[in-house]
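Have a look at the structure below before the remarks.
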Amino acid sequence: MPVRVIVRTVSELCITVGALIVLFVVYVLFWTGVRADRAMNDQIDQLQRQWSKATAATTAAPGGPASQGRPGPYVPGRPFAVMYIPRLGFTWNKPVLEDTAVDTLKKGLGHYPGTARLGQEGNFAVAGHRRTYGDPFKDFPRLRPGDAVVLTDGSTWFTYRIDKGPYKTVPTDVEVIDPVPRKSGYGRPGRYLTLTTCDPEWGHSHRLIVWAHLDAAQPVDAGKPAALRR
Amino acid sequence: MYGWIWRRLPGNAWIKAMISLVLVLAVVYVLFQYVFPWAEPLLPFNDVTVDNQ
């Protein structure tokens with residue numbers, strides 16, 4: 001009788017562990033995506049509201065449109081821009097948040113603190129999930145030199161063009177986000193952009209990098225940049 | 001284990017089945033809401049930056 005009880009309990013435990021693993025896989029593959037899509041849409045909505053308010057304020061006070069249009073300092077964990085990469089899909093757009101904390105990257109792409117501001121001299125570096133949490137950079141290896149990476153901070157459209165990548169490196173290779181990354185082929189200071197994600201798709205042994213330079217900037221009043229028009 | 005729980009539940013078979021279902025849903029909710037969000041960052045999918053190693 002005790003043997004029977006032991007066998008039964010052990011098999012029940014095995015079934016329970018199996019069910020737990022299946023549930024966890026469902027959570028990682030499916031539920032994080034559902035949650036992240038919702039969180040990213042929230043972030044973008046928040047930005048749109050903020051920007052429309054700023055535009056209203058500018059039109060209400062025509063005294064200083066130049067100073068009104070200046071975006072403020074980046075707040076950690078808060079969105080400040082939206083990124084579009086036509087190569088990853090015509091409807092692909094993700095919010096960019098300040099800092100690369102685990103919780104920040106659940107809500108969008110993360111801007112490395114300490115790297116340049118959007119469109120400024122230096123290297124504007126951004127990290128994103130390859131898999132889980134909405135898979136923002138799932139198709140990262142499909143990026144090619146010449147592809148457009150378009151960002152807006154509500155007052156200006158910035159169009160970056162990819163020059164090099166995807167370049168595979170190791171996680172400790174911090175100089176890829178230097179103001180002038182040595183391996184990118186850039187020889188002098190400029191307005192650059194670096195995107196990083198993990199490689200292989202489900203691993204963390206390496207990183208994939210692309211580098212781009214600022215190709216064009218235009219005010220939002222001038223309409224969408226050519227790269228986003230079909 | 002499950003037999004023990006089943007015997008502890010009140011009512012006839014239908015009521016027991018309903019209570020079991022509610023219990024299962026409650027467990028799944030707790031897992032998705034609290035346990036998995038805690039366990040997920042221990043996996044490698046979060047390492048997408050080049051400096052926090």
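The values are calculated or read from the model by the stated rules, or taken from the named source; none is laboratory data. Computed from a predicted structure; not experimentally measured. Backbone-built Cβ (ideal geometry, glycine too); neighbour counts: all protein chains shown. For accessibility, only protein heavy atoms count, side chains too; no ligands or nucleic acids. Shrake-Rupley method; radii C 1.70, N 1.55, O 1.52, S 1.80 Å.
Listed values, structure above:
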| read-out | value |
| --- | --- |
| Inter-label distance for residue A:170 and residue B:9, nm, one decimal - labels placed 7 Å from Cα along Cα-to-Cβ | 5.5 nm |
| Amide hydrogen neighbours beyond the local backbone of residue A:78, cut-off 5 Å, H modeled | A:98 |
| Accessible surface buried once B binds A (1.4 Å probe; total of both sides; Å²) | 2600 Å² |
| Karplus 3J(HN,Hα) series, Hz, for the range A:136-143 with 6.51 cos²θ - 1.76 cosθ + 1.60 (x for Gly, Pro) | x, 10, 4, 9, 3, x, 7, 5 |
| Pairwise centroid distance, computed over Cα atoms, of the range A:125-196 with the range B:11-28, Å | 51 Å |
| Largest-first principal axis extents of the Cα set of chain B (Å) | 60, 18, 11 |
| Other-chain or far-sequence residues with amide H under 5 Å of residue A:122's (modelled H) | A:190, A:191, A:192 |
| Straight-distance crosslink candidates among lysines, where the alpha carbon sits under 21 Å from residue A:224 and sequence neighbours closer than 8 are dropped | A:53, A:94 |
| Highest-fluctuation residue, A:90, A:137, A:124 considered, GNM on chain A with Cα pairs under 10 Å | A:90 |
| Cut-off under 5 Å, modelled amide H: who pairs with residue B:9 long-range | none |
| Tilt relative to chain A, helix A:32-60 - C-alpha long axis, 0 to 90 degrees, to 10 | 20 degrees |
| Extension gain (nm, one decimal) between residue A:37 and residue A:206, 0.36 nm per residue minus Cα-Cα | 58.3 nm |
| For the range A:86-97, 3J(HN,Hα) per residue [Karplus equation, 6.51 cos²θ - 1.76 cosθ + 1.60, θ = phi - 60°, Hz, x = Gly/Pro] | x, 4, 7, x, 5, 9, 5, 8, 9, x, 10, 10 |
| Stokes-Einstein diffusion coefficient of the protein assembly as shown, Kirkwood radius over Cα pairs, 37 °C, 0.692 mPa s, in µm²/s | 153 µm²/s |
| Ellipticity estimate at 222 nm from DSSP helix runs (n ≥ 4, -39,500 (n - 2.57)) divided over chain A, nearest 500 | -9000 deg cm²/dmol |
| FRET efficiency, 1/(1 + (r/R0)^6) with R0 45 Å, evaluated for residue A:221 and residue A:183 via beta carbons | 0.75 |
| Fluctuation leader among A:179, A:95, A:171 - chain A, Gaussian network, Cα springs under 10 angstrom | A:171 |
| With Cα atoms, 0 to 90° folded angle of helix A:2-26 axis to chain A main axis | 10 degrees |
| J(HN,Hα) series, the range A:210-217, from Karplus relation 6.51 cos²θ - 1.76 cosθ + 1.60, nearest Hz, glycine and proline x | 10, 10, 9, 10, 6, 9, 7, 9 |
| Gained length - residue A:57 relative to residue A:10, 0.36 nm times residue gap less alpha-carbon distance | 10.2 nm |
| Mean separation of Cα contacts under 8 Å (6+ apart) over length of the range A:27-228, as relative contact order % | 19 percent |
| Residue of A:33, A:18, A:146 that the Gaussian network model of chain A assigns the largest fluctuation, springs spanning Cα pairs under 10 Å | A:18 |
| Distance (nanometres) between label positions extended 7 Å along Cα→Cβ at residue A:30 and residue B:31 | 1.2 nm |
| Links that overshoot a 22 Å alpha carbon limit, given the list A:138/A:168; A:138/A:164; A:107/A:164 | A:107/A:164 |
